[in-house]
1. Quick one: what pairs do we get from the stretch 35-60, first residue closer than 17 Å to Arg24 by Cα and without any contact (Cβ under 8 Å) to a residue 40 or more places away in the chain, second among the aliphatic types (A, V, I, L, M) and surrounded by 14 or more Cβ atoms within 10 Å (Cβ to Cβ), C-beta under 7 Å, 6+ apart or different chains?
2. Report those strands (runs of 3 or more DSSP E) wholly inside the stretch 28-69 carrying at least 3 residues which are buried (at least 18 other Cβ atoms within 10 Å of the Cβ) and in contact with a helix residue (DSSP H, G or I) (Cβ under 7 Å, 6 or more places away or on another chain).
3. Quick check: anything in the stretch 42-56 at pLDDT below 90 and aromatic (Phe, Trp, Tyr)?
4. Any idea which residue in the stretch 104-126 is farthest from Leu26 (Cα to Cα), counting only those that are at pLDDT below 75 and touching a Lys or Arg at 6+ places or on another chain (Cβ under 8 Å)?
5. Let me confirm something: among Gly101, Gly73, which residue is at pLDDT below 80 and under 15 Å from Ile148 (Cβ atoms)?
6. Mind checking which residues of the stretch 28-66 are under 12 Å from the mean Cα position of the chain (by Cα) and either under 24 Å from Met1 (Cα atoms) or of a type in the set (Phe, Trp, Tyr) (or both)?
7. Can you tell me how many residues in the stretch 7-41 are over 18 Å from Leu65 (Cβ atoms), modelled with pLDDT under 90 and of a type in the set (Phe, Trp, Tyr)?
8. Could you list, in sequence order, the residues of the stretch 76-98 that are modelled with pLDDT of 85 or more and not β-branched (Val, Ile, Thr)?
Amino acid sequence: MKLLFKQRMFSWFHSYDIYDEMGRTLFTVKGEPSLGHCLRIYDANGNELGMIQERLFKLMPKFDLYLGGNCVGSIAREFTLFSAKYDIDYNGWHVEGDFFGWDYEIKNRAGTCIATVSKELLNWTDTYSITVENPQDALCALMVVLAIDAEKCSRN
């Protein structure tokens with residue numbers, strides 16, 4: 001399953017539309033005004049599916065992942081000098097790859113690829129391609145990608 005992740009051009013708070021290969025909207029992400037990043041994820045019918053909430057007052061950015069109002073995990077940037085590294089506390093997942101160029105993979109404990117993420121160049125807004133091996137993992141993989149994107153925005 002392939003997702004196309006596009007940031008809306010004129011958005012005060014991070015808002016995104018996530019499409020499938022056919023151009024159908026699968027998810028809508030709406031940012032909310034808050035001290036830290038708060039992103040809510042909705043399905044095509046407007047039902048809230050999940051949320052990413054940044055924890056405040058942390059040395060390194062940390063985001064909690066919520067499904068159906070329940071915290072299911074978190075993702076935090078680890079302190080490193082020359083590369084970005086993230087600690088994911090969800091389902092034994094971890095991230096490998098080139099974070100600065102936005103080409104990376106989300107893998108499980110066994111090293112099996114859950115999703116591949118790459119940034120598409122030459123677009124007016126941030127556009128990413130996410131290839132998810134199992135469609136059941138699409139929402140959670142999207143949440144990890146959104147948290148990493150929000151962390152990069154916090155850094156800049």
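The values are calculated or read from the model by the stated rules, or taken from the named source; none is laboratory data. Note that the structure is a prediction, hence the values are computed from the model and not measured. Cβ sites come from the backbone with ideal geometry, for glycine too, and all protein chains shown count toward neighbours.
1. Pairs that qualify, where the first residue is closer than 17 Å to Arg24 by Cα and without any contact (Cβ under 8 Å) to a residue 40 or more places away in the chain and the partner is among the aliphatic types (A, V, I, L, M) and surrounded by 14 or more Cβ atoms within 10 Å (Cβ to Cβ), are Tyr42/Leu49; Asp43/Leu49; Ala44/Leu26.
2. 48-55
3. There is no residue in the stretch 42-56 that is at pLDDT below 90 and aromatic (Phe, Trp, Tyr).
4. Asn123
5. Values: Gly73 fails: at pLDDT below 80.
Exactly one of Gly101, Gly73 is at pLDDT below 80 and under 15 Å from Ile148 (Cβ atoms), namely Gly101.
6. Passing the criteria: Val29, Leu39, Arg40, Ile41, Gly50, Met51, Ile52, Phe63, Leu65.
7. Residues meeting the conditions: 3.
8. Residues of the stretch 76-98 modelled with pLDDT of 85 or more: 76, 88-95.
Correct list: Ala76, Asp89, Tyr90, Asn91, Gly92, Trp93, His94.
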